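Taking it in order: structure first as structure tokens, then the write-up.
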Amino acid sequence: NLIYVNGKFVPQGQACVSVFDHGFLYGDGVFEGIRAYNSRVFKLKEHVDRLFDSAKAIDLNVGMTKEQMSEAILETLRVNDLTDAYIRPLVTRGNGDLGLDPRKCAKPNVYIIAKYWGSMYGDLYTTGLKAVTVGVRRVAPDALPPNIKSMNYLNNILAKIEANAKGADEAIFLDNCGRVAEGSGDNIFIIKNGVVYTPPTIGNLKGITRATAIELLQEAKIPVKVEEIGIFDVYTADEIFVTGTAAEAAPVVYVDGRTIGTGKPGPVTLDMVKRFEKITQTTGTP
Ligand code: PLP
């Protein structure tokens, strides 16, 4: 496995990060998670745009153009001869000293990792996930806007730990007002009486899979509303699914011990899983 490190491809065992990299010292960096299916990168432009937006939001100069970044991502896939992969570009503030001051970091470090990737949830796409709401909140006391895909994922990890401890497959974050925000690594959709609802993206990541799912629902002429959702709406939904680059479109059939709908993935969700599979298999940048 070859890793892209600042313009060079380095064998995995030799791909090292300096202990003075502010990404390592302070989580001062941004990243993306991208999938390749059938040798094509799904939504490459959208992911590169979001990477640069995340960088902009933390006042980090990526040090290369979006075209160069896109080409580096595609090249990482090519040199590793990967057809189906998860790709992880990271841009850190760079190597500095032990102080916080980003001005001490002369230039950013850019890393791109690409690994073979099959399916995240396996059989759960047909049987459905168990989810739990967690005590960690998505906004307060986290001062970091959840829209920034930054290298500070400790809240998400704490949520995952809580979900693991409760025997669940995924965690659902509420925000500081108790509104439903998102999963630990995905956005959430609920279905009630034939209408699909998903929360606005102030308090969660502007998911690229979320946007794709909204497009697919509109294409299928299924009404979709971007609206605030409470936990009551989740417990009483007919169907629930989550969307993410790693999770794809995945049904949720239990939340906090409540059975959702019939306890089996519903028709709108199963249709979405199928439509999403089709679009990932047939589109993307070669
Ligand atoms: N929410 C969080 C916290 C995530 O980490 C992710 C994964 O990237 C998502 C949502 C889903 O976003 P996307 O569909 O762009 O992968």
(request) Report, in debye and to the nearest 20, how large the dipole of region 132-190 comes out about its Cα centre when Lys and Arg carry +1 and Asp and Glu carry -1 on their Cβ. (result) 120 debye
(request) Can you check what the Kirkwood hydrodynamic radius comes to for region 11-130, Cα pairs only, in Å to one decimal? (result) 15.6 Å
(message) Can you tell me how region 164-257 classifies by the Cα gyration tensor, rounded, prolate or oblate, using a/c under 1.5 as the rounded cut?
(response) rounded
(request) For Val224, list long-range residues whose amide hydrogen, built 1.01 Å from N in the peptide plane, is under 5 Å from its own amide hydrogen. (result) Val196
(message) If you average the alpha carbon positions of region 11-48 and of region 153-227, how far apart do those two centres end up, in angstrom?
(response) 23 Å
(request) Set the Förster radius R0 to 30 Å, insert the Cβ-Cβ distance between Gln218 and Gln281 as r into 1/(1 + (r/R0)^6), and round the FRET efficiency to 0.05. (result) 0.90
(request) Subtract the Cα-Cα distance of Cys177 and Arg258 from 0.36 nm times their separation in residues, and report this length gain in nm to one decimal. (result) 27.0 nm
(request) Could you work out the Rg to Rh ratio of region 67-183, with Rh taken as the Kirkwood radius (inverse of the mean 1/r over all Cα pairs)? (result) 1.05
(message) I need the peptides 268-274, 163-169 ranked by packing, meaning the mean over residues of other C-beta atoms within 10 angstrom, with the highest value on top.
(response) 268-274, 163-169
(message) Placing +1 on the Cβ of each Lys and Arg and -1 on the Cβ of each Asp and Glu in the chain, which of Ala131, Ile148, Ala163 has its Cα farthest towards the positive end of the resulting dipole?
(response) Ile148
(request) Compute the Rg to Rh ratio over region 166-221 from the alpha carbon atoms, using the Kirkwood formula for Rh, and round to two decimal places. (result) 0.99
(message) How long are the semi-axes of the equivalent ellipsoid of region 92-152, taking √(5λ) for every eigenvalue λ of the Cα gyration tensor, in whole Å from largest down?
(response) 35, 21, 8
(message) What is the angle, in °, between the Cα long axis of helix 154-165 and the longest principal axis of the Cα atoms in the chain? Nearest 10 is fine, range 0 to 90.
(response) 50 degrees
(message) Show me, for region 55-62, the HN-Hα J-couplings you get by feeding each phi into the Karplus relation (A = 6.51, B = -1.76, C = 1.60, θ = phi - 60°), rounded to Hz, glycine and proline as x.
(response) 5, 4, 5, 9, 6, 10, 8, 5
(request) Kindly flag which residue pairs out of Lys8/Lys43; Lys8/Lys206; Lys45/Lys274; Lys115/Lys206; Lys56/Lys107 have an alpha-carbon separation exceeding 21 Å in this structure. (result) Lys8/Lys43; Lys8/Lys206; Lys45/Lys274; Lys115/Lys206
(request) Quote the relative contact order of the chain in percent (integer), defining contacts as alpha-carbon pairs under 8 Å separated by 6+ residues. (result) 19 percent
(message) Defining a contact as two alpha carbons under 8 Å apart and six or more residues distant in sequence, what relative contact order in percent does region 132-286 show?
(response) 20 percent
(request) For the chain, report the translational diffusion coefficient in µm²/s to the nearest whole number, using Stokes-Einstein at 4 °C, 1.567 mPa s, and a Kirkwood Rh over Cα pairs. (result) 66 µm²/s
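Here, each number is a calculation from the coordinates, and none is a lab measurement. A quick note: this is a predicted structure, and the numbers were derived from the prediction, not measured. Here Cβ is always computed from backbone atoms with ideal geometry, including for glycine, and neighbour counts include all displayed protein chains.
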